[in-house]
1. Kindly express, to the nearest 10 degrees and within the range 0 to 90, the angle between helix 256-271's C-alpha long axis and the longest C-alpha principal axis of the chain.
2. Which loop GluC sites (Glu not before Pro) in region 416-473, with loop taken from DSSP, have no more than 15 other Cβ atoms within 10 angstrom of their Cβ?
3. Could you tell me what % of all Cα pairs in region 343-445 have separations over 20 Å?
4. How much mean residue ellipticity at 222 nm does the chain get from its helices, if each DSSP H run of length 4 or more adds -39500 (n - 2.57) and you divide by all residues, to the nearest 500 deg cm²/dmol?
5. Taking H placed 1.01 Å from N in the peptide plane, check which residues at least 5 places from F140 or on another chain put their amide H under 5 Å from its amide H.
6. Once you order the gyration tensor axes a ≥ b ≥ c over the Cα atoms, which shape class does region 395-487 get: rounded for a/c under 1.5, otherwise prolate or oblate by comparing a/b with b/c?
7. In degrees from 0 to 90, rounded to the nearest 10, what is the angle of the helix 529-546 Cα long axis to the longest principal axis of the chain?
8. Please report, as a whole percent, how much of the solvent-accessible surface of the chain comes from carbon and sulfur atoms (probe radius 1.4 Å).
Amino acid sequence: IEIYSLHVDCKVTSRFAHTVITSKIVNRANESSEATFEVELPKTAFISNFSMSIDGKVYPGIIKEKASAQRQYDTAVSHGQSAGLVKITGRKLEQFQVSVSVAAGSRVTFELTHEELLKRRLGKYELLLKVRPKQLVQHFQIDVHIFEPQGIRFLETNSTFLTNELTGALTKVQDETKAHILFKPTVDQQKISPELGETLLNGDFLVRYDVRRDATAGDIQIVNGYFVHYFAPREMPVFPKNVVFVIDRSGSMAGRKIEQTRDALLKILQDLRAEDRFSFITFNSKVAEWRSSLLEATAENVASAAAFVQTLIASGGTDIHQALLAAVDALHRAEALPERSVSMIILLTDGQPTSGETDVEVIQENIQKAISGKYALFCLGFGFDVSYKFLEKMALSNGGIARRIYENADAALQLQGFYQEVATPILTKIEMQYPENAIEGLTKTNFKLFFEGSEIVVSGKISNELDLLPVEIKAQSHTSDLTLKEEANVKEKEQVFQNQSYIFGNFIERLWAYLTIQQLLEKSISAPDHQQKALEARALELSLQYGFVTPLTSLLVTKPAEQPQAELANKPTEAG
């Protein structure tokens, strides 16, 4: 079985990435053999198309509601014959895999399309393409086109496998608003060594970039009656933070995990700003407060905290409930906190609640009541013994986010990286306002916090013949209350994309659908049961309408008649 052509074509238009992977395979043997198509794609992406053609006959993938696809699949295949086609393979990726039997001399072409909105983190967007053909490929290429009407501020490519030899196969062409990256290694360039038929191509191919930002009220783009509004202010004063770190020191944290936690906390302490206030609560079956109040991050207090962190050892049970209540209490009691400051609780745990209150629903309810919208709660789940679903629901119900920390050598860096993302709050209570009678299907418009280096994205449909789209942003900064205004000329904005040949026409509409589905699914996690159903129903409707494989839909892969009939691809979620 020989892969004679493998093409990865990616178009990024205004942060929305549309990637098509085409693999052409021939069976050179004189008997039938199995061909496998294996692709790793970002967890944040939705598959939107799959097909295979065998000797010219096309077998399309069909996207259906998960439950009905499962029924169809169950009738086609007896249980246990075929495992799911998609599985999580790491912190950023999931793997799609499908196999088909190919007759001697026959050719098969696999094609997979996925789409995602690139998210700005720490000042840049990252496009991640995983490359692993497992053999030398006659025609191999990665072709990336980026078009950013705001202008490209900087762009870099990076790869875990680029040798000096392979660098020659990489070309980059860039002007004000466009970039083209082509990676096209010959068979000789792909080889580990001239004698061996093994490939060097194994790892991540990354493109990172950021855009120019001139307008104070962000940038609006419009295509076919759908708009997207990007807002990422910069050079603003930073809010002082009041942070309570809640650290699990139960028995399961013993050894490497507690060491990595100590390493990360020591670095994080160095990153605190002088005007920040902080404290530690550590817990096993007992809860211990490092100090009775929050302390300013003076050199002296930071040094004393560092000495304390060095002494952390792990043993005993896990009383998450009491520990979080103590953290909320510490913030309630804190005196003389700056009037304009941001209070947050960062929980790090590696297990389920085993001491004190262990009913997760009671814990969630009590914590939400105690916090009552005043503070943001961030939950970091260390490893795979945590109930991620529980942590995610708790964080999303309290204005924060959850993140899984993988038990790898770089766990300390993952913890620090997370802290850096929330280290610089520059706006609170952000309200994005649009003309009420002229816009429908608006995505989320109110945001509690905005951190330096991230970006707010709002999208919607312009419902009537508007010439001008006025927007108003209200927010609080450390020093003042802001009102920012902007007007977009609809015709002019539509023009921007008209003359770009390589753009898929309705990309802002698809971006809107992608963002809406993501937000509905996220909202349903922390919604009460009666609302959950309605949110999921709407997300399902959009997933089917736009042909996205989301956690509510399945891709039914059809095959030639003489082979096991159908296979299902379902999207896995972090909560399993």
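1. Relative to the chain, helix 256-271 is tipped by roughly 70 degrees.
2. Sparse-neighbourhood loop GluC sites (Glu not before Pro): E465.
3. 50
4. That calculation yields -7500 deg cm²/dmol at 222 nm.
5. Amide H to amide H, under 5 Å and 5 or more residues apart or across chains, F140 pairs with L6.
6. Since a/c reaches 1.5 and a/b is larger than b/c, the shape of region 395-487 is classed as prolate.
7. Taking Cα atoms only, the helix is inclined about 30 degrees.
8. Exposed carbon and sulfur together represent 48 percent of the surface.
The values are calculated or read from the model by the stated rules, or taken from the named source; none is laboratory data. Since this is a predicted model, take the numbers as computed values, not measurements. Counting neighbours? That spans all protein chains shown, and the Cβs are built from the backbone with ideal geometry, glycine included. To get the accessible areas, we keep the full protein, side chains included, count just its heavy atoms, and leave off ligands, DNA and RNA. Shrake-Rupley method; radii C 1.70, N 1.55, O 1.52, S 1.80 Å.
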